[in-house]
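*Asks:* Below you will find the structure I want to go over with you.
The values are calculated or read from the model by the stated rules, or taken from the named source; none is laboratory data. In this text, all values refer to a predicted model and were calculated from it rather than measured experimentally. Neighbour counts are summed over all protein chains in view; Cβ atoms, including those assigned to glycine, are modelled from backbone coordinates with ideal geometry.
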Amino acid sequence: MKNAIKYMLMATAAATVFAACSDWTEYEPKNPTDLTKNENKEDYYANLRAYRNSDHQIMYGYFSAWGGWGGASTTLAHSLMGLPDSLDMVAMWGAGFEYSEEQKIDLKMAHEKKGLKCLMCFIVHSVGVGITPSEITAASETNPVTFTNRNGVTGTYTNPLKARRAFWGMDPDDGRNNTPEMDAMAVRAVETYADSLCYLIDKLELDGFDWDFEYGYSVGDNVGDIIGDQGTITSTAAHDRSLAFARRMRENLGDKIFIIDGVPQSLQAPEACIYFDYFAHQSYSRSSSRSDNNLDNLLNQTISRFSAYLDPEFIASRTIVMDTFEDSYTYDGKQYFGVPLWSLRDGTPAITADCEFGNTNNGMSKADNIEVQIPGYEGSVFAMARWTPIVNGKYVRKGGIGAYLLEKDYMPSGWDTTYPQVRQFIQIMNPAAK
């Protein structure tokens, strides 16, 4: 709760700071190399960091072009320093746990100059996912694995899931028919897992963790022995383990950032909401409801779930809505991300026009290519940037927006600047002072 109260107090105090420092954003370079022409770089970066610390709608992105590419050792397309300067936070999607020297330098520069926040992120439904040693998860009938776990128990395992559970101190047969002792073992394992994640975050000098919480979606062997989404544990066990994970992560992270993304309104332990800095919804526009009303519904579900513990307006101010750059379309010779079909609260679009789709996975049929609705704000991600929540009958500020696979906007077709749309999203939410 202390973390939530801290942000509530900051909100009013920071508003005046933002008004004083937002004017610098008008002059952000359109390409990273343009910054060499700035004669007063230190003032520029100082203003940038002041903006970053102000109360504003954030721009967040999942960046997969860094992992495995060597960071600044290749091109700005694969560099944190090549990202838009006004980008607030980035999830290091697929970056792994070992960084090259070039990546370390790139990360240090992005931290110190831009104030960019960089988060570890992956799907966590079960204990040990992502960081269990490969020799443990390689267990099979033809490759039995023998080890002594952290509880001093020695066993031989031929099933990778049972081996993983045993490695972290759980009963390998953890499930719906647990004894109280087995459930207690699982809670301790959850806490140990959280400790290990936070150790890696500190070691890699990252700024926090994004818990990719895709409740109800099939994600391989990530079978839900923390969150209970695959019916393998009881709802009581799912509540206790989810609460233990969130609480332990917050204790270890301290003032670092802790986000829950995906479907946060499905969290089995609603009281854990006090431990998160942001609630990020994967409100991808390929879904059937491409509208402001859909975003309203997501917010209302989150408020309904957490309002016993947090003020509804505060929940709105920490809510991020996200789209995916896996989807794209072409309009007027330029590639846009998301989809062009979007409705306002009254059900009407702004304009209609012809377009071609760059991805057939956006949920639209060939017939839609004849004439589709393209709002004046150029489609779904622009719409999310413009969306303003309504709480108790009044407009309030949202937390911001996010995008999956941010790097696709580095130099999209038809544009002559890097990240042209991301820069526009930021300006829509936080217009530069004139």
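*Asks:* Out of everything in the range 267-293 that is modelled with pLDDT under 95 and under 16 Å from A316 (Cβ atoms), what residue ends up being surrounded by the fewest Cβ atoms within 10 Å (Cβ to Cβ)?
*Replies:* Ranking the qualifying residues of the range 267-293, first place goes to N293.
*Asks:* When you scan the range 383-418, how many residues do you find that are in contact with a Lys or Arg (Cβ under 9 Å, 6 or more places away or on another chain), farther than 25 Å from D346 by Cα and of a type in the set (F, W, Y)?
*Replies:* 1
*Asks:* Any residue at all in the range 267-277 that is over 23 Å from R188 (Cβ atoms) and of a type in the set (V, I, T)?
*Replies:* Scanning the range 267-277, I find no residue that is over 23 Å from R188 (Cβ atoms) and of a type in the set (V, I, T), so the answer is no.
*Asks:* Moving on to the next point. From the set of residues in the range 250-266 that are under 16 Å from the mean Cα position of the chain (by Cα) and among the hydrophobic types (A, V, I, L, M, F, W, C), which is surrounded by the fewest Cβ atoms within 10 Å (Cβ to Cβ)?
*Replies:* By that ranking, first place goes to I257.
*Asks:* Still on this structure: Of the numbered conditions (1) buried (at least 18 other Cβ atoms within 10 Å of the Cβ); (2) over 24 Å from M92 (Cα atoms), C198 fails exactly one; give the number of that condition.
*Replies:* Of the numbered conditions (1) buried (at least 18 other Cβ atoms within 10 Å of the Cβ); (2) over 24 Å from M92 (Cα atoms), the odd one out for C198 is (2).
*Asks:* Pull out all pairs, ordered by first then second residue, where Cβ-Cβ is under 6 Å, the residues are six or more apart or on different chains, the first lies in the range 299-316 and is closer than 14 Å to I274 by Cβ, and the second is among the aromatic types (F, W, Y) and surrounded by fewer than 15 Cβ atoms within 10 Å (Cβ to Cβ).
*Replies:* Sorted first by the residue in the range 299-316, then by its partner, the list stays empty.
*Asks:* Shifting gears a bit: Which residues, counting only those in the range 241-266, are closer than 22 Å to M170 by Cα and of a type in the set (A, V, I, L, M, F, W, C)?
*Replies:* L243, A244, F245, A246, M249
*Asks:* Where in the range 75-160 are the strands (runs of 3 or more DSSP E), entirely inside, with at least 1 residues that are within 30 Å of Y215 (Cα to Cα) and either touching a strand residue (DSSP E or B) at 6+ places or on another chain (Cβ under 6 Å) or of a type in the set (S, T, Y) (or both)?
*Replies:* 89-91, 117-123, 154-157
*Asks:* Out of (1) over 23 Å from the mean Cα position of the chain (by Cα); (2) closer than 30 Å to E112 by Cβ; (3) of a type outside the set (A, V, I, L, M), what's the single condition that is false for S140?
*Replies:* (2)
*Asks:* Say whether the condition of being assigned to a helix (DSSP H, G or I) and under 28 Å from M59 (Cα atoms) is met by at least one residue in the range 210-220. I'd like the intermediate steps shown before the answer.
*Replies:* First pass over the range 210-220, keeping only residues assigned to a helix (DSSP H, G or I): none.
So far as the range 210-220 goes, no, none of its residues is assigned to a helix (DSSP H, G or I) and under 28 Å from M59 (Cα atoms).
*Asks:* Something else: How many of the residues making up the range 381-428 are aliphatic (A, V, I, L, M) and surrounded by fewer than 21 Cβ atoms within 10 Å (Cβ to Cβ)? Reasoning before the result, please.
*Replies:* Restricting attention to the range 381-428, the residues satisfying the condition of being aliphatic (A, V, I, L, M) are 381, 383-385, 390-391, 396, 401, 403, 405-406, 411, 422, 426, 428.
From what's left, surrounded by fewer than 21 Cβ atoms within 10 Å (Cβ to Cβ): 390-391, 396, 405, 411, 428.
Number of matching residues: 6.
*Asks:* If you go through the range 329-349 one residue at a time, how many are surrounded by 15 or more Cβ atoms within 10 Å (Cβ to Cβ) and at positive phi?
*Replies:* 1
*Asks:* Kindly provide the set of residues from the range 235-266 that are closer than 16 Å to Y215 by Cα and assigned to a loop (DSSP other than H, G, I, E, B), ordered by number.
*Replies:* V263
*Asks:* Pick from E26, E39: which is among the charged types (D, E, K, R), surrounded by fewer than 13 Cβ atoms within 10 Å (Cβ to Cβ), at pLDDT below 90 and in a loop (DSSP other than H, G, I, E, B)? Give the steps one after another, and end with the answer.
*Replies:* Values: E26 fails: in a loop (DSSP other than H, G, I, E, B).
Going through E26, E39 in turn, just one is among the charged types (D, E, K, R), surrounded by fewer than 13 Cβ atoms within 10 Å (Cβ to Cβ), at pLDDT below 90 and in a loop (DSSP other than H, G, I, E, B): E39.
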